[in-house]
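Asks: I have a structure here, written as structure tokens, and I will follow up with some questions on it.
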Amino acid sequence: LTEAGGDIEAAIEQLRKSSGMKAAKKAGRTAADGAVAIKIAGDQSRGVMVEINSETDFAARDDGFKAFVQLVVDTAFEAGATDHAALMAGGLEDQRQSLVQKIGENITVRRVHAVEGANIGGYVHGNGKIAVLTSLTAGSSELAKDVAMHVAAVNPQVARAEDMSAELLEKERAIYVAQAAESGKPADIVEKMVEGRVKKFLAESSLVEQPFVKDPDLKVGKLMKDAGADIVTFCRFEVGEGIEKEDVDFAAEVAAQVQQSN
């Protein structure tokens with residue numbers, strides 16, 4: 001009020017500008033922690049999954065942060081959103097900035113995934129850091145959730161061997177060729193060794209070929225087939241995956257902020 005000459009409206013505007021500037025300064029800091037969340041329709045016909053990032057796990061456990069995560073997934077579900085930027089433009093940005101001011105860390109909505117189908121299932125791991133959405137052609141909600149749980153635990157790269165990208169397969173093959181060549185065995189034996197390793201790689205990386213995590217004697221593909229179902233697609237989010245984390249001394253940062261305020 002003093003700086004605004006007693007003008008309340010001007011003082012409020014200045015405070016809002018100040019808050020915005022503080023949030024903008026924090027926006028450049030790496031947010032690689034946080035939480036994931038899912039929401040699925042009661043009839044299993046559609047689902048949505050989101051990842052919200054914070055700088056530390058401490059912030060991710062804040063009640064305000066948890067409430068924001070729930071708000072984002074609810075909003076994404078109602079809007080059928082698949083793009084996080086469009087989702088934020090729809091009215092969540094003000095809430096995000098308010099949370100940044102409260103917590104003192106950069107908070108970002110990193111990604112959103114939505115899916116529709118005959119039988120959508122989901123699973124969030126107990127630590128809130130891994131979430132999966134699955135889409136099956138048929139079956140029960142329990143089956144869809146079990147498959148999602150398996151994906152969370154084992155992290156298959158593709159649903160089926162034929163879904164593996166040719167580029168990745170060639171990279172693996174090149175590695176196996178180099179390894180087998182060092183054995184000194186004849187070319188025909190080397191070729192068989194390489195093909196055997198490629199086949200093993202595809203089986204280990206493909207959802208339907210993996211031993212079911214709750215029953216290793218049963219493959220996931222057989223589990224679904226016995227229930228008259230098949231996998232359509234799956235998506236797995238793990239908090240912070242692919243983000244290059246930077247080492248930050250938060251104790252030193254806090255101490256510096258305290259010193260500046262004195």
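The values are calculated or read from the model by the stated rules, or taken from the named source; none is laboratory data. Keep in mind it's a predicted model, so treat the numbers as computed, not measured. Because the Cβ atoms are built from the backbone with ideal geometry, glycine has one as well, and the counts that use them run over all protein chains shown. Heads up: the accessible areas ignore ligands, DNA and RNA and are worked out on the full protein's heavy atoms, side chains in. Shrake-Rupley method; radii C 1.70, N 1.55, O 1.52, S 1.80 Å.
Asks: Scan the stretch 51-60 and give yes if some residue there is open to solvent by less than 60 Å² (accessible area, probe 1.4 Å), part of a loop (DSSP other than H, G, I, E, B), at pLDDT below 95 and within 12 Å of ILE107 (Cα to Cα), otherwise no.
Replies: Within the stretch 51-60 (the criterion being open to solvent by less than 60 Å² (accessible area, probe 1.4 Å), part of a loop (DSSP other than H, G, I, E, B), at pLDDT below 95 and within 12 Å of ILE107 (Cα to Cα)), the answer is yes, since at least one residue qualifies.
Asks: Kindly list, by first and then second residue, each pair from a residue in the stretch 198-220 that is over 19 Å from ARG236 (Cα atoms) to a residue that is charged (D, E, K, R) and open to solvent by less than 70 Å² (accessible area, probe 1.4 Å), limited to pairs with Cβ atoms under 9 Å and residues at least 6 apart or on different chains.
Replies: So the pair list comes out as VAL198/GLU172; VAL198/ARG173; PHE201/GLU172; PHE201/ARG173.
Asks: Sticking with this structure for a sec: For the stretch 203-236, what are the residues that are of a type outside the set (Ser, Thr, Tyr), open to solvent by less than 80 Å² (accessible area, probe 1.4 Å), closer than 24 Å to GLU172 by Cα and part of a strand (DSSP E or B)?
Replies: PRO211, PHE234, CYS235, ARG236
Asks: Looking at the stretch 100-129, which of its residues are part of a helix (DSSP H, G or I) and out of contact with any Gly (no Cβ under 6 Å at 6 or more places or on another chain)? Even if it seems obvious, please write down each step before you answer.
Replies: To start, the set of residues in the stretch 100-129 that are part of a helix (DSSP H, G or I) comprises 100-103.
Within the stretch 100-129, VAL100, GLN101, ILE103 meet the criteria.
Asks: Sticking with this structure for a sec: Hey, can you tell me all the residues within the stretch 124-148 that are of a type in the set (A, V, I, L, M) and open to solvent by 40 Å² or more (accessible area, probe 1.4 Å)? Break it down into steps so the answer makes sense when it comes.
Replies: Residues of the stretch 124-148 that are of a type in the set (A, V, I, L, M), as a first pass: 124, 130-133, 136, 138, 143-144, 147-148.
Hit for the stretch 124-148 is VAL124, nothing else.
Asks: Taking the conditions exactly as written (in contact with a His (Cβ under 6 Å, 6 or more places away or on another chain) and surrounded by 12 or more Cβ atoms within 10 Å (Cβ to Cβ)), does VAL194 satisfy them or not? Let's see the steps before the verdict.
Replies: On the way: in contact with a His (Cβ under 6 Å, 6 or more places away or on another chain): no; surrounded by 12 or more Cβ atoms within 10 Å (Cβ to Cβ): yes.
No, not satisfied.
Asks: Is the stretch 102-118 home to any residue that is farther than 17 Å from VAL72 by Cα, open to solvent by less than 10 Å² (accessible area, probe 1.4 Å) and in contact with a strand residue (DSSP E or B) (Cβ under 9 Å, 6 or more places away or on another chain)?
Replies: No, the stretch 102-118 contains no residue that is farther than 17 Å from VAL72 by Cα, open to solvent by less than 10 Å² (accessible area, probe 1.4 Å) and in contact with a strand residue (DSSP E or B) (Cβ under 9 Å, 6 or more places away or on another chain).
Asks: Applying the selection to the stretch 86-102, what residues are of a type in the set (A, V, I, L, M) and at pLDDT 90 or above?
Replies: Going residue by residue through the stretch 86-102, those that are of a type in the set (A, V, I, L, M) are 86-89, 92, 99-100.
Selection gives LEU92, LEU99, VAL100.
Asks: Now for a different question. Please go through the stretch 67-114 and give me each residue that is among the aromatic types (Phe, Trp, Tyr) and farther than 18 Å from ALA31 by Cα, ordered by number. Walk me through it before giving the result.
Replies: Filtering the stretch 67-114 for residues among the aromatic types (Phe, Trp, Tyr) gives 68, 77.
Correct list: PHE77 only.
Asks: Please find, among ASP94, ASP83, the residue that is within 27 Å of THR134 (Cβ to Cβ) and open to solvent by 60 Å² or more (accessible area, probe 1.4 Å).
Replies: Values: ASP94 fails: within 27 Å of THR134 (Cβ to Cβ).
The match here is ASP83.
Asks: Here is a check on your reading of the model: is LYS200 in a helix (DSSP H, G or I), more than 27 Å from ALA131 (Cβ to Cβ) and either hydrophobic (A, V, I, L, M, F, W, C) or open to solvent by 60 Å² or more (accessible area, probe 1.4 Å) (or both)?
Replies: Values: in a helix (DSSP H, G or I): yes; more than 27 Å from ALA131 (Cβ to Cβ): yes; either hydrophobic (A, V, I, L, M, F, W, C) or open to solvent by 60 Å² or more (accessible area, probe 1.4 Å) (or both): yes.
Taking the combined requirement at face value, the residue satisfies it.
Conditions tested, residue by residue: (1) more than 18 Å from the chain's Cα centre (by Cα); (2) at pLDDT 90 or above.
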site	(1), (2)
ALA144	yes, yes
ALA148	no, yes
ALA152	no, yes
ALA161	yes, yes
MET164	yes, yes
GLN179	yes, no
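Asks: Okay, next question. Inspect all residues belonging to the stretch 120-141 and state whether any of them is more than 17 Å from PHE237 (Cβ to Cβ), of a type in the set (D, E, K, R) and touching a strand residue (DSSP E or B) at 6+ places or on another chain (Cβ under 8 Å). Write out each step before concluding.
Replies: Filtering the stretch 120-141 down to residues more than 17 Å from PHE237 (Cβ to Cβ) leaves 136-141.
Among the residues that remain, those that are also of a type in the set (D, E, K, R) are: none.
No, that holds for no residue.
Matching residues to (1) within 30 Å of VAL112 (Cα to Cα); (2) out of contact with any Asp or Glu (no Cβ under 8 Å at 6 or more places or on another chain):
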| residue | (1), (2) |
| --- | --- |
| VAL151 | yes, yes |
| LEU168 | yes, yes |
| GLN179 | no, yes |
| VAL190 | no, yes |
| LYS200 | no, yes |
| LEU218 | no, yes |
| GLY221 | yes, no |
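Asks: Does LEU207 satisfy the criteria of being at pLDDT 95 or above, aliphatic (A, V, I, L, M), out of contact with any Leu (no Cβ under 6 Å at 6 or more places or on another chain) and farther than 28 Å from THR56 by Cα? Lay out the reasoning, then the answer.
Replies: Values: at pLDDT 95 or above: yes; aliphatic (A, V, I, L, M): yes; out of contact with any Leu (no Cβ under 6 Å at 6 or more places or on another chain): yes; farther than 28 Å from THR56 by Cα: yes.
In short, yes.
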